[in-house]
Structures are given as C-alpha cells and as structure tokens.
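Report on the structure given below.
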C-alpha cells in the first residue's frame, strides 16, 4: 500500500504508526493486541505460541519481533558512578531535554548523527564518540547500497553467526544537512573514552569531557527470548538462517532478525517468508 506524502514536521513514530493502522484497516487484518508472547514450543506437527492467558497451535510461525524493545547498553568502567542522566536512543523524547546541557553521544550509526544534529544547537556542548572512525559516503542512499549492506548481514546469519546490525555496515550518507553540521563542527568524532566518572568521561591520554548527559546510540539486539525453548541457537550464539527460514526449525521464520532488522530488508523478507510458508502448507496437504 502506498505510503503517501508524509508530513515531515511530525515525528516518524506517529507517521509510521498511522500508516500501519491504515494498512490494518484496509486489509481487515485480525490483529490481536495486547499480547505478550512468552514462549514458542514444539508439540508434534505444531508449534505452540503461548501467552499468559491464551495459546495457539500453528503449522508455521513468523516471529517478527525485531529489535526495538531490546536496546543495547554497553558497559564501561565507572558507568554506575555517573551523577548525570544516562539514556538510550530508545528513550529519546526530543531536543528540548538537552537545552543548556553538556552531552556525550556514544555510537557510530545514523541515529547518533541525526539526534546530535537535532539537539546540538540547543546544548551547551556536545561530544561524539565512536569505537571506529565513521565511514562517510558522499552520495545519496540507493537501492544497490542498501542491498549490499543487507547481503553482508545475510552472510553472517547463513553461517549461524550472531548478526551485526544493518546500520553498522551501511556507512553514513553525506546529506546537505550532514555537510552543514560538519562545517559547523558538530560532527567532530572522538575515539572511545576509557572510563566514566561521576562528572563525565575520560580518555586514555587523560583528557576529559564534563557531561550532564550520556546518550547511548548503541543500537539494539534481537528480541528472541520467546524462542529459547526451541533451542535454535548455534554454538556461536547466532541462529542459522536460509533466507527467513530457521534451519533447525523449518516451520519457523524470522522477520526482523539479521538482514531484515531494518526497513531496508524487511519488506522483501516478509514476502519471502509468506512464499515459503505457502509451499510448506501445500506440501502438508
């Protein structure tokens, strides 16, 4: 269904949510909510999806839980001593909360860049730190660029390795806004600090940045705890995939895991999962 022309002055969370609500209404999808799925287990030729109040026996399951409710918080020495506020991008509520404050942004993805550009004009000072130097690409994001990034993550999950995020292999596009922010000195990256103190962060050379806030733009991890009873993890910690199908449990498909854990790969993955399940149901008679 066509997205239409969104109002760019409104938060993406509102615009996207409204789109999905329209989609659900137009196609009369029987969505049940709220449902907290606690486990998926095997029962003969069925997979049983269980919540605290109800369960469903299914010939096939698509787990599309994604990553957004599993923000990743790395650990650094002294983190628990910080006297200011620490938050993840999942908790970001807008730039006003940073007005007049000194802020450290941790993370090398697009979210770190976008949020830093948004609140930096209001902040008293900001420091951007990443583990690796950012890779800038002075070209518009293209379909081929996205496919290349998705393919890198797909190679890992086909080998049963824990997936890297699509964002981590996508590189950063140099948009006109980014170019202006770089010229203004907003996107001057620093290497990762060594430790956190009550008043800020300190690097290995002894230099420091006094901070009121640390914003962790450190991504998310797959929300797959409900699949633990199926024992589909490989020794390396990942889930071996063939497209969207889990190799150790062919009745289970993951959308929002590995290469489909972004809007770059999710649409194609959804269609692929449906096609595979149609074949599975047909073969079952």
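The values are calculated or read from the model by the stated rules, or taken from the named source; none is laboratory data. Since this is a predicted model, take the numbers as computed values, not measurements. Cβ atoms come from the backbone with ideal geometry, glycine included; neighbour counts cover every protein chain shown.
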Among the residues in the stretch 29-47, are any closer than 30 Å to residue 213 by Cβ and over 18 Å from the mean Cα position of the chain (by Cα)? no
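Report whether or not residue 51 is surrounded by 14 or more Cβ atoms within 10 Å (Cβ to Cβ), at pLDDT 95 or above and out of contact with any strand residue (DSSP E or B) (no Cβ under 7 Å at 6 or more places or on another chain). Please lay out each step first, then the result.
Working: surrounded by 14 or more Cβ atoms within 10 Å (Cβ to Cβ): yes; at pLDDT 95 or above: yes; out of contact with any strand residue (DSSP E or B) (no Cβ under 7 Å at 6 or more places or on another chain): yes.
Yes: the conditions hold for residue 51.
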Which residues, taken from the stretch 118-138, are closer than 18 Å to residue 175 by Cβ and either out of contact with any helix residue (DSSP H, G or I) (no Cβ under 9 Å at 6 or more places or on another chain) or surrounded by 20 or more Cβ atoms within 10 Å (Cβ to Cβ) (or both)? 119, 120, 128, 135
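Before we move on, is residue 145 over 30 Å from residue 273 (Cβ atoms) and at pLDDT below 90? Break it down stepwise before answering.
Working: over 30 Å from residue 273 (Cβ atoms): no; at pLDDT below 90: yes.
The answer is no for residue 145.
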Do you know which residues across the stretch 155-204 are in contact with a helix residue (DSSP H, G or I) (Cβ under 7 Å, 6 or more places away or on another chain), modelled with pLDDT of 80 or more and either loosely packed, with under 14 Cβ neighbours inside 10 Å or part of a loop (DSSP other than H, G, I, E, B) (or both)? 177, 186, 187, 198
The stretch 84-110, residues that are under 11 Å from residue 215 (Cα atoms) and in contact with a helix residue (DSSP H, G or I) (Cβ under 8 Å, 6 or more places away or on another chain): 86, 89, 92, 98, 103, 105, 106, 107
Per the list (1) in contact with a helix residue (DSSP H, G or I) (Cβ under 9 Å, 6 or more places away or on another chain); (2) modelled with pLDDT of 95 or more; (3) under 22 Å from residue 92 (Cα atoms), residue check on residue 211 breaks on (1)
